[in-house]
């Protein structure tokens, strides 16, 4: 079963003394099963956003240790900063990442809240999905009055902390612990120093909007509803919180935003909307910055959005899509944007077991030619498949950019995107085939001194052998499927590159045949005959279909040469 993963993003009220932050993050890194992903300090806000990910119980332990250390090192009575805050550890949200429901995530958040309240005697408010009552769902309500208002807040029975004492501790303040969906903290840079102008734009776009006034000016009388509550004019972006501020560190005003559901308001939608509203007010957006980490999909969606505006193919390499996103959003205006440090999937993949794919072409050839039995034919077959569909994808991208075919760019872009997906899958199978072979070798090395050990060893060999069969079968399946790209490009693609579509088909066919040999060689000692019959039936079917499709594609190519 796949591992459960949860992200935790504690915000500490210290962004200037990095020795303090280092002591706090050291506590996080001391817990096995937890990875510190990002530490993002801000001098003007005097606040550091820390991101960690790991298995739930271990993340709870790491968060507790970090909160405890922060309570010892940070004195809130001396804290000043631009960002709203109420405690040494101001907020500590949990975010489900993998194989974890929100209900389970809430349980872990409340587990931490209870422990911090009881053991550290810090007043705790549970917010968002972890809230015990509706009014505490919104973090802004929990933090209303900020640190300076805590003493009076605790006197109000309606605002008794969920855990911990209702007693004001000048050093630690209070902490909000919650569970939420992935939140993107995003700041948009303006060519002005005016906080008032920045706030006006923030009010234009944030979901809460602004209070409605007579005449529509700040001097106008507040309009109230029949219950005496101020009437609000909603902003243009749903699931968005925003304020305007001046950042002395950069010498510009910003719109500081929390995008609480990027499936509703994406990063690029927020950027475009703020740009439009700023222009109306005579202000220009110059760039933006992401605070903390961002999901890969959010950046890819942005890159594809701006590529679409340019009527360019979306089926290009992932790194190029990210580059377009970074330049379009101006993410590198204030400081360099390194995807390896800002995109959560890239950080988690740093330790991935893909040594072959990460080699140079020469390195891969040399390793294959060495005396080591792996990589072997299975990995080479997967690579052949990747190279084949890469050629088909190239033809699609060239066709999308052909002069005079501007009205067809989306058609070819769709084929290029398909090709990129096939390529990515096949590249992953390059290393997977070698990993499958190594598992067989590991199984053969298992002890066999007793009957019990022999039985365990034999079962491990059987299981590993099945894996070594299923991997090349997957190579066959995907390589055959990828030939649809080469066929389409032979039929409708750029005439000058039709030979490339043909070479791509030949490579894909070789990948299928080569992978089939690797299926066959692993079947000799397999005891599960039902499994074997099913595999061989599918493999033979793919082989026949591949041969037929290759002939069809080559006939199209030859007819146009």
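Rounded to the nearest 5, what is the percent of antiparallel bridges among the DSSP beta bridges in the chain?
80
So, in nm, how far is label residue 348 from label residue 148 when the simple model puts each one 7 Å beyond its Cα toward the Cβ?
4.1
Residue 119 label point, 7 Å along Cα→Cβ, cut-off 19 Å on backbone N: hits in the stretch 168-192?
Those under the cut-off are 172-178.
Using only Cα atoms, figure out Rg for the stretch 83-165 and give it as a multiple of 2.2 N^0.38 Å.
It is 1.09.
Give the distance, in whole Å, between the Cα centre of the stretch 167-223 and the Cα centre of the stretch 499-561.
Comparing the Cα centres of the stretch 167-223 and the stretch 499-561, I get a distance of 60 Å.
What number, rounded to the nearest 500 deg cm²/dmol, is the helix-based mean residue ellipticity at 222 nm of the chain, given -39500 (n - 2.57) per DSSP H run of at least four residues and division by all its residues?
When only DSSP H runs of four or more count, the value is -16500 deg cm²/dmol.
What is the distance, in nm, between label points placed 7 Å from the Cα along the Cα-to-Cβ direction at residue 239 and at residue 340?
Output for this residue pair reads 3.2 nm.
Quote the FRET efficiency, to the nearest 0.05, computed for residue 499 versus residue 524 with a Förster distance R0 of 41 Å and r equal to the Cβ-Cβ distance.
After rounding, the FRET efficiency stands at 0.55.
Based only on other Cβ atoms within 10 Å, what is the fewest-to-most ordering of 437, 154?
154, 437
If you average the C-alpha positions of the stretch 352-386 and of the stretch 482-498 separately, how far apart do those two centres end up, in angstrom?
Spelled out, the Cα-based centre of one part sits 28 Å from the other.
Can you sort 16, 180 by how many other beta carbons sit within 10 Å, fewest first?
Lowest count first: 16, 180.
Would you mind pulling out the separation of the Cα centroids of the stretch 124-142 and the stretch 441-457, in Å?
A separation of 55 Å, based on Cα centres.
Relative contact order (percent) for the stretch 445-561, with alpha-carbon contacts under 8 angstrom and 6 or more residues of separation?
Normalised by residue count, the contact order of the stretch 445-561 is 35 percent.
Find the relative contact order for the chain and round it to a whole percent, using C-alpha pairs within less than 8 Å whose residues are 6+ positions apart.
Over the chain, the number comes to 10 percent.
In terms of the Cα gyration tensor, with a ≥ b ≥ c the square roots of its eigenvalues, is the stretch 307-406 rounded because a/c is under 1.5, prolate because a/b exceeds b/c, or oblate?
oblate
Hey, with R₀ at 41 Å, roughly what FRET efficiency would residue 258 and residue 317 work out to, going by the Cβ-Cβ distance, to 0.05?
The calculated FRET efficiency here is 0.85.
Using only alpha carbon pairs under 8 Å that are at least six residues apart, calculate the relative contact order of the stretch 5-179 and give it in whole percent.
Value for the stretch 5-179: 26 percent.
For residue 160 and residue 23 in one chain, what is 0.36 nm times their gap in residues minus the Cα-Cα distance, to one decimal in nm?
Between residue 160 and residue 23, full extension yields 46.2 nm more.
Just round it to a whole percent: the fraction of Cα-Cα distances in the chain exceeding 38 Å.
For the chain, the fraction of Cα-Cα distances above 38 Å is 46 percent.
Report Rg(Cα)/(2.2 N^0.38 Å) for the stretch 354-460, keeping two decimals.
Against the empirical 2.2 N^0.38 Å value, I get 1.58 for the stretch 354-460.
Compute the Cα gyration tensor for the stretch 386-511, then decide on rounded, prolate or oblate, letting a ≥ b ≥ c be the square roots of its eigenvalues: rounded whenever a/c is under 1.5, prolate when a/b is larger than b/c in the other cases, and oblate in all that remain.
The shape class here is prolate.
In nm, give the distance between the simple-model label positions of residue 217 and residue 75, each being 7 Å from the Cα along the Cα-to-Cβ direction.
4.8
Given axes a ≥ b ≥ c from the Cα gyration tensor, I'd like to know whether the stretch 159-233 is rounded (a/c under 1.5), prolate (a/b larger than b/c) or oblate.
Note, shape of the stretch 159-233 comes out oblate.
Bear in mind these aren't lab numbers, they're just calculated from the coordinates by the rules spelled out. Quick caveat: nothing in here was measured; it's all calculated off a predicted structure. No Cβ is skipped: glycine too gets one built from the backbone with ideal geometry, and neighbour counts run over all protein chains shown.
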